[in-house]
Structure formats: C-alpha cells, structure tokens
Amino acid sequence: EETAEAATERFEGDYNVIPLGVDLGLFRPAPKRELLAIELEAAGRSTTRALLRLLEDAPAWESTLLHTKPLGFRPAIPRSVRSRVRVRAVRRPEQRAAALRDAAIFVPAPGGEERLTHEAAACGAAVVAQLEPDAVVQEILRLVTGSSGLRGSTAEQENRADAQSFDRVAAELDRIYSALVRKKRGPRKTRATLHEDDPLAGREWIVVDLHMHTSWSHDCSIEVEDLLDHAEEIGLGGIAVTDHNVFGGALEAAELARRRDLLVIPGEEVKTQGQGEVIGLFLDEEIPRGLTFSDTVAAIREQGGLVYLPHPFDRQHAIPDPATLHRHLAEVDVFEVFNARLLRDSFNDEALRFARKYRLLQGAGSDAHVLQGVGTGAVRMRRFEGPEEFLLSLRSAEILRRPKSLAYLQSLKWVAQVKEKVR
C-alpha cells in the first residue's frame, strides 16, 4: 500500500496492489519440529547473530540459514551451536519448499526476497518480520515459551497465504486486465499492419547487443579487436561499445569495423552526479563524468546522439530517483528492459513493465565485461544506418534474453582483472 501511495505521488494513475502468488500445491503445511529458519542477507547479519546466540539457551532447537543468491560474506556461527545450524541455498522452488516445510518459525531479512515470506507462511511457519534484532529475539521467545502463541501465529499466517494462492491471484489479475482491455480504444495492430507501417520492412534482420565494454573500461580486459572477432563468430550483426566514462574504445571499434560487415555504434556509459548512469549512442566525442543527469542528457543531444538508459531499476547500483526519471522521460530514446548482468530478474521485469506503461522504445544488452558474456542480451532488429533508422528499426524489434550464469561471468571478470594486475 505504501508503494502504491508513493507511486501515485510521482506518476499519476490508479494502482492496484497485487501480492505475489504462492504455489499451495508445493508450499503446504506439514508437521513442525523445533526449527528456526533465517534468511541470510548482509542487511540482516546482526539479527542472525542475535538469533544464533539465542540457540545457546534453547538446546532443543535447530536453525537453517537460507540464501537465494550467492553470499558475499561468511556467516559467523558460534562454535557451541554449529552442530545444530545448517546453511542452505534455496534458489529453486522445490529447494525452498523442502527447507521451509519443517520450520516452526521463519525470520525474513530486511530487503530480502518477499517471496520467501509468503512461502514460509503457506508452509505454516510463524513469520517474525521485525526490523530490530532485540525485537525479533523477544518475539521468538514469546512464541516459543507461550502456550498458544506459536499455534495462533501459524494459523494466522496460513490464512493469509491461502488468500495469495496462484488461483486467487490469477483471478484478480484477470479481473484487472479485463477491465483495462475494455478501456482500450481503437483496433489492435496485427503483425501485417505493423509490417505495412515499417519503412525498413525490406531490410534483413540482424542481432545487435546494445551494451558492452572493452579494455578501455577500468573493469574490463577485452581487447577491441578480440571483441569484434568474437561478435562476428557468434553471429551478431551489430554492437554498441559503451565503455565507462571513456570514448576511445568506441572510436577504435568503429574504425576497425570499417573493414567488416559488423555494425558498430560508438557510445559511452557516463556516470552522472548521484543519479546513476546514462549511455549515449551514436556519439562523436567523449562526455565527462560527474555532470548532472540533465547536463549529461544535454551533452548527448548536442552531438546528435541518442539517450539510452541502462539498468534503470538495478538497486544494487546508483540509479536515477523516480522524480529525475519522470522529469526526463520524454528525453529518453531507448529504455533498457533486459540487462544480462543484473543480479535479480525482478529488476529487468520492473523495467519492462515501466517501458510498456509509458510506451518507451525498448533496448537490451549483455553489459559484457568478458567475451563469454557478449550477446547474452540483445535485440533482433532490421539493419539500419544512423540514429534515425536505428529508432525506426527498434519499433519492430524483438528483445532476446540469452543469459548465462552471473556467478560464472563475474568470476571470469575477476580472474581477468587479477591477471591484468599481475602483469
């Protein structure tokens, strides 16, 4: 509800809050044992430590530490309780169901996966979602020592989860979408109509990766010529070279590509002053980092370039705030709806919903920092010449999602950086 209210203030419209659905066939109540399930996140480490210390005074209880993504830290488990604590990766639904089914209590982490909370409730676990470690400990003590506290909390969670079953959520979504369809005016365009309206309809289809880096970026070791060779080997028809705050790699790539069929869009990923990054495509010269979002967009425009907004909802990095995004929405030429390097799929999903709502041209890129990542995100579009035809081509383009393991690609990047330092 708070999110809907905040969205209404920034973006006019009517918002319906739909909870995440739960597969009640997979996540269902089962007999409980004295098991405390804790979600592992960096933001909740102090709570995790407090709860593990609590186990020292509860010898009958065990604990499972759950994580849905690779850990960036090693949980500190007291020696006295190590035999009663397990750490489990629960990325897949069946893994989460197996871990949550026996748990009597579940403690979500601040900023963790909301889905885990709903699934734990569906399994009949009492969910303790306080923010302060002391409050969490006190609530768990109350549940464990009270005569009916745990049973009452469990029943309440089960009833709430039942209201979020896939069937009920699907019915609500169907009701909302049906109402929206009735509001739409005018005939829906068919593929034949789109083909007739496409001035580039006779051009060949090519696959273009709109976001990648070379050794000109501080965190990448791909040589420009190696990048061009690899792009052609995997069947790309075009690439946009978008190094961090430098333009030399794009110029070098464009020059070398003159002898090839591969299209190269010279670009730059520019770090703004506190409002994330903006990519300029079809640039002629370098744009300095540290400008305001507005000045960065203006600098791209002055060169006749296009404004491409990368990973707009990747909250693992700096991004434009809602007010800035809304203020400059009309100046964004292309909105990145798929970035193959994002940690969470939900960030890409949010970008896609946003682009569809505001009818923005959609782009996609690998954000590759190693050769193996090139082409993992791309666009299938008509061959084009120059920025005007590029925008026309995107109108009938198709987003291609071909992700590889992020852990695998990130490890390759780190290895390459270490080798570079050793040299």
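Quick notes on this one:
- For the range 353-372, the criterion of being surrounded by 20 or more Cβ atoms within 10 Å (Cβ to Cβ), among the small types (Gly, Ala, Ser), more than 12 Å from the chain's Cα centre (by Cα) and assigned to a helix (DSSP H, G or I) is met by at least one residue.
- Residues (surrounded by fewer than 21 Cβ atoms within 10 Å (Cβ to Cβ), within 23 Å of the chain's Cα centre (by Cα) and of a type in the set (A, V, I, L, M)) located in the range 205-247: Val207
- If you go through the range 285-327 and pick out every residue that is assigned to a helix (DSSP H, G or I), among the β-branched types (Val, Ile, Thr) and closer than 17 Å to Gly267 by Cβ, you end up with 3.
- Qualifying positions in the range 222-249 - of a type outside the set (Gly, Ala, Ser) and part of a helix (DSSP H, G or I): Val224, Glu225, Asp226, Leu227, Leu228, Asp229, His230, Glu232, Glu233
- Residue in the range 294-311 that is of a type in the set (Phe, Trp, Tyr) and over 23 Å from the mean Cα position of the chain (by Cα) present: no
A short reminder: the numbers here are calculations on the coordinates, not readings from a lab. Note that the coordinates shown come from a computational prediction; the quantities given were computed from them, not determined experimentally. Heads up, the Cβs are rebuilt from the backbone with ideal geometry, glycines too, and the neighbour counts pull from every protein chain shown.
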